[in-house]
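The values are calculated or read from the model by the stated rules, or taken from the named source; none is laboratory data. Every value quoted in this text rests on a predicted model; they were computed, and no experiment measured them. Ideal geometry is used to build each Cβ from the backbone, glycine not excepted, and the neighbour counts take in all protein chains shown.
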Amino acid sequence: MIKFNPRPIAPTSLSAEKVENTKNLIAQKVKSGQKPSTSNPNDFPSHWIPDARRELWKHQNYRCCYCERSRGLKRESDLEHFRPKAKVEEEPDHYGYWWLAYVWENYLYSCKPCNEDYKKNKFPLLPSSQRAFEEKDSLDKEKPILINPFDEDPEVFIRFDWQDSNNLFVKAVQTEKDVEDRGKKTIEITGINEDRLPEERAGDLLTLEGIAKTMHAAVYMKDLGMDSSGLLEKTEKEIKLQTSSKSEKSFIGFRRAYFRKVGLGPYIAND
């Protein structure tokens, strides 16, 4: 996971009359004591598709907000509600954050496995938090455990662990700075160490190792005044390409972690 640039302007479709009508119907249902449900197609029509999903997909450079796999818009593609709209797993009596179902700031682009197989309706809070149960309740009193990459830098909480290019697995792990275990719990909630993800990340190790060796050699040659071919400049550009949030490559967070671990942190992209 990496930090996202500020959210783009909300699509005009989210302020359309049909959306406002739906929001009013949901509010009326809740007021009457009924709990909205995602199993009822009339409760939460997917007005966020396709505009909202497409905008975030492009803004996140076609990567899932959690696992960072690059995904086509029609392949394993979801619009994730950060605060779940109809149910909260940790609070059985909660009606869900129904009032945020059509709020742009509650959306992230994700892949279906991360959203539907793992994150689902999970939204745990730190013990010092006060949960919002109604629209009038303040969200500022909530302290989510789950990291929102629009609001915080996930690299403060999550790093990656591997040994060398012979290691077949690269796993996300909690950083030493994370004293509240938010990185560890975010990894568990989103499933970013499950299925074949650690193996998929490891598939990039040989490429990154080759770039790192070239860069170390280029730095050494530059120090000796022997870099007549501009090798250092060329390799620095390649490291920035490999680690830029604007790149369409998968696993940017891991790529950055790799170059930091091998002493090339100053050369990674800072976008």
Within region 239-267, track down each residue that is of a type outside the set (Lys, Arg), in a helix (DSSP H, G or I) and surrounded by 15 or more Cβ atoms within 10 Å (Cβ to Cβ).
Ile239, Gln242, Thr243, Ile252, Gly253, Phe254, Ala257, Tyr258, Phe259, Tyr267
Per-region count, region 1-18, residues more than 23 Å from Tyr66 (Cβ to Cβ) and surrounded by 11 or more Cβ atoms within 10 Å (Cβ to Cβ)
3
Could we say that Glu55 is under 30 Å from Asp195 (Cα atoms), buried (at least 16 other Cβ atoms within 10 Å of the Cβ) and either modelled with pLDDT of 95 or more or of a type outside the set (S, T, N, Q) (or both) here?
yes
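Would you say Lys74 is farther than 30 Å from Glu200 by Cα and not hydroxyl-bearing (Ser, Thr, Tyr)? Even if it seems obvious, please write down each step before you answer.
Details: farther than 30 Å from Glu200 by Cα: no; not hydroxyl-bearing (Ser, Thr, Tyr): yes.
Spelling it out, it is not the case that Lys74 is farther than 30 Å from Glu200 by Cα and not hydroxyl-bearing (Ser, Thr, Tyr).
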Out of everything in region 1-60 that is in a helix (DSSP H, G or I) and within 23 Å of Glu89 (Cα to Cα), what residue ends up being nearest to the chain's Cα centre (by Cα)?
Lys23
Looking at Ala212, Ala217, which one is surrounded by fewer than 18 Cβ atoms within 10 Å (Cβ to Cβ), aliphatic (A, V, I, L, M) and modelled with pLDDT of 90 or more?
Ala217
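Would you mind finding the one in Leu231, Leu208 that is more than 30 Å from Leu56 (Cα to Cα) and of a type in the set (A, V, I, L, M, F, W, C)?
That would be Leu231, the only listed residue that is more than 30 Å from Leu56 (Cα to Cα) and of a type in the set (A, V, I, L, M, F, W, C).
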Among helices (runs of 4 or more DSSP H) completely within region 137-232, the ones holding 2 or more residues that are farther than 22 Å from Asn115 by Cβ, in contact (Cβ under 8 Å) with a residue 40 or more places away in the chain and not assigned by TED's automatic domain parsing to the domain that holds Glu90 are 205-223
